[in-house]
1. When each pair of different Cα atoms in segment B:459-586 is counted once in the 1/r mean, what is the Kirkwood radius in angstroms, to one decimal?
2. What are the radius of gyration and Dmax of segment A:1-152, computed over its Cα atoms and given in Å?
3. Under 19 Å Cα to Cα from B:LYS354, which lysines show up? Leave out anything in the same chain fewer than 8 places away.
4. Can you report the principal axis dimensions of segment B:368-525 using only the alpha carbons, biggest first, rounded to whole angstrom?
5. For segment B:115-166, state the semi-axes of the equivalent ellipsoid (square roots of 5 times the eigenvalues of the alpha-carbon gyration tensor), sorted largest first and rounded to whole angstrom.
6. Principal axis lengths of the protein assembly as shown from Cα atoms, whole Å, largest first?
7. Using the reciprocal of the averaged 1/r over all distinct C-alpha pairs, how large is the Kirkwood radius of segment B:1-66 in Å?
8. If the reach is capped at under 18 angstrom between alpha carbons, list the lysines near B:LYS67, excluding any in the same chain fewer than eight residues apart.
Amino acid sequence: MKTSNIMIVGVGGQGSLLASTLLGRLLLTKGYDIKVSEVHGMSQRGGSVVTYVRFGDKVYSPVIDKGEADYIVSFELLEAARWTEYLKKDGKLVANTQQINPMPVITGAAQYPENLADKLKAAGINVDAFDALSLAEQAGSSKAVNIVLMGHLSRSFDFTLDEWLDAIEKSVPAKFLELNKKAFMLGREA
Amino acid sequence: MKQLMLGNEAVARGLYEAGCAFVSSYPGTPSTEITEAIAKYSEVYAEWAPNEKVAMESAFGASLAGKRSFCGMKHVGLNVSADPLFTIAYTGVNAGMVIGVADDAGMHSSQNEQDSRHYARAAKVPMLEPADSAEAIAFAKLAYELSEQFDTPVLLKMCTRVSHSQSVVEPGERIEVSKPYEKNPAKYIMMPGNANKRHPVVEARTRTLVEWAETADINRVEDGSDHSRGIITSSTSYQYVKEVCGDRYPVMKLGMIWPMPEKKIRDFAASVEELVVVEELDSFIEAHCLNLGLKVTGKEVFPAIDEFSQNLVAQKLGMNVPCAGCKVDDAIPARPPVMCAGCPHRSLYYTLAKNKITVIGDIGCYTLGAVPPLAAVDSVVCMGASISGAHGFTKALQGAADGKTVAVIGDSTFMHSGITGLVNVAYNESNTTVIIVDNSITGMTGHQQNPTTGMNLKGDPCTKIDLETLCRAVGIRRVRVVDPYDLKQTETAIKEELAAPEASVIISRRPCALLKYVKHNKPVTFDTDKCRSCKLCMKIGCPAISMTADASGKMKATIDNTLCTGCGVCTQLCHFGALNMAKEAE
């Protein structure tokens, strides 16, 4: 099997590590070779963060390069726009429509582009943008936005619902399991 | 059972399986998780040392005592511990000793992009370089075998992409290793008469290690169908090469990067038309090939700066590079890391910037005080350089800089290498003002304990070094503590200590807002009717405050309730009562 590439992008502190942990758990049970690359340290602190998830028969590079991603899952709209060059021609962008101003925008040194979701579509990108934050809040916590996004991504894969839910069970504390399962289903059905 | 494991956790697993009994490290991205992971194994004693030099010397002591030992650090930490390294290379070990060092090509979280491989050659010790998590386990174990077989410390070199990537591993069982300690002055006391006799031992050891390298499995050749080109590579560069070339070109993967084989490389070079070296950062393998008199393609094609990727390797080898995806036409604003909402460093830097103080800075979260809008820092070099730098700055200007210059250093960095600078301030009597930003944790690397926190690596209570007492003990008479959330108190203290005719220390004390035990206040309330759009609150660069258009289109200060911790610094700045602490009983 050719290597599949998923990028998870967002703002430091948004919970992208749980999303990649969940994917890793699921893919491991399917017997794939897997590499998951994360960013630690200075790059977190509210900065732009990216996680690479790669799986297939044999995975060499731990990172995904421009033109290689089958999927980009974005926690924030500006971050979605930042990484679209990494998508394959027929790659898909799953994007939360939430907007978080970076410091240059807060200080007035730069502008947050307007109507970014529409512009992404107009640029020819296969974009599936939706309000994952509202669904996370509906599930019980804004922090569950990562699981909502994974739920939405799950529709693009052949893995069974049980396999996904099993991976969630192994990845989140028991007291948050029901909340996360609900968040996953809301994302999957969105 | 197969599992996904982070490269650094895999190093820890390898140490555990090899029977490592003693670990002493100082945190530093991207090396930190090795020691955090090993601390979870109850069979292993593990600690945070105040700095890398102490860590390495402690690990040497443990090896001398007969237990397999480890110390871990980032690349710049190896500079701090270079002194013991170069002499432990002479003494050799009793039980095996492994030194983990993690480079940061691309400088994701570092102040320079040094290539630590040079240390292996300079100190004359072997260096292993794993390329994924499975190799991290295997090489950590092999490193102990080599250490004991060849009587040498062994460097285990990681890099950001190997340290911080998870890949599939199959953990094994632990063995226990113990050696008796026997007094051996000729081997362990490195004064000239003994060291003179040890140096030839070291040179002979390198020659026998070269012989080992000639036949070692970890220096392997993977044959290819097209011998017009052969590639020598290692570490993460190997992964990029294989990603791009598959089985097309023969590849020599070096698992031991120092010393390198000679015959094996000559034979490989003879089997291909063009010899190519693919390595991140400096010419190291390439330099070795040139020393062997081989014609090689290397740094004239591949850059010596930044990390590589598969597309870069493909492009430089003249192979197919995928077309980049589409993008929007708008400029995408950068999203640099920032001080968190509620960060106690923010108000301190605001006060320093407001008073136009020259700030000789240091390494930690508080380096972010250099970023606009605070832009309060004048220089940052290395761990501890703030106090010694401010001392030199103050002395050189013979009084002209007095009252206008401060050093800013964190609690952990102060314990690492700030103390000696402060001793110099006291001893040589410069009128230096030192601000210790004490947030009760090592913040930037992800909340590690340190000697001032009262907790050890395993999370148990322990001796807490008292900063005030320590500063007074080294000879600083003026020592005071402020709460940086209190702007007036902080500004008064800074002005008074800068005006004082002698050295002083201000401890700006407030725990990191991200610590689990820190209780946040309710978010600050905002009243857009009262806001006069003066933007004074924007000068502190808090990510929770932004200017937002009100109903009439005027830009007014608003608070993001999901980010605001209610620290209240902005409420002290607002002259118009637009920002207020939330009432507790609501």
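The values are calculated or read from the model by the stated rules, or taken from the named source; none is laboratory data. Keep in mind that this is a model prediction, so the values were computed, not measured. FYI the Cβ positions are ideal-geometry reconstructions off the backbone, even for glycines, and counts take in every protein chain you see. Note: areas computed on protein heavy atoms with side chains; ligands, DNA, RNA excluded. Shrake-Rupley method; radii C 1.70, N 1.55, O 1.52, S 1.80 Å.
1. On the way: mean 1/r = 0.0577 Å⁻¹.
Result for segment B:459-586, one decimal place: 17.3 Å.
2. 15.2, 49
3. Qualifying lysines at Cα under 19 Å: B:LYS404, B:LYS488, B:LYS495, B:LYS535, B:LYS539.
4. 46, 40, 27
5. On the way: eigenvalues 79, 44, 5 Å².
For segment B:115-166, the semi-axes come out at 20, 15, 5 Å.
6. Projected onto the principal axes, the Cα atoms of the protein assembly as shown cover 80, 69, 49 Å.
7. Details: mean 1/r = 0.0818 Å⁻¹.
This gives a value of 12.2 Å.
8. B:LYS141, B:LYS179, B:LYS183, B:LYS187
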